[in-house]
Amino acid sequence: MSDRRKRCTACGESIPASAKICQHCKSVQPSNLLLYGAILLGVFCLLIGVPIALFAVGLGRLVGFLVAIFGLALIFGGYTAYLDRTAGREL
Ligand SMILES: [Zn+2]
């Protein structure tokens, strides 16, 4: 299938999956590479934040906890955005 479609992240119109810019509203489409980067960064934050939160004391524990939460948010946000993108492409 060469004419795969995805939905514009701004106006929701169907555009070619390879399009970098929407033909309807001219908004730039974020690349999936960015999502993978966000998810990777999230995993990285989680791997660093959880041990810090577990073993550090005082302020260090709070910082580790915040980093871990930030990592979780990145993973969750990136994953749901990826699902949205994939679902739009199948329409
Ligand atoms: Zn658009």
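The values are calculated or read from the model by the stated rules, or taken from the named source; none is laboratory data. Because the structure is predicted, anything quoted here is derived from the model rather than measured. Glycine also receives a Cβ, built like all others from the backbone with ideal geometry; neighbour counts cover every protein chain displayed.
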Requested in this report: Could you please let me know if Lys26 is assigned to a loop (DSSP other than H, G, I, E, B) and of a type in the set (Lys, Arg)?
Outcome: yes
Considering region 1-45, residues that are touching a Leu at 6+ places or on another chain (Cβ under 8 Å) and assigned by TED's automatic domain parsing to the domain that holds Leu66, and then whichever is nearest to the ligand (Cβ to nearest atom), we arrive at Ala38
With criteria (1) surrounded by 12 or more Cβ atoms within 10 Å (Cβ to Cβ); (2) of a type outside the set (Asp, Glu); (3) under 21 Å from Tyr82 (Cα atoms), Leu33 comes up short on (1)
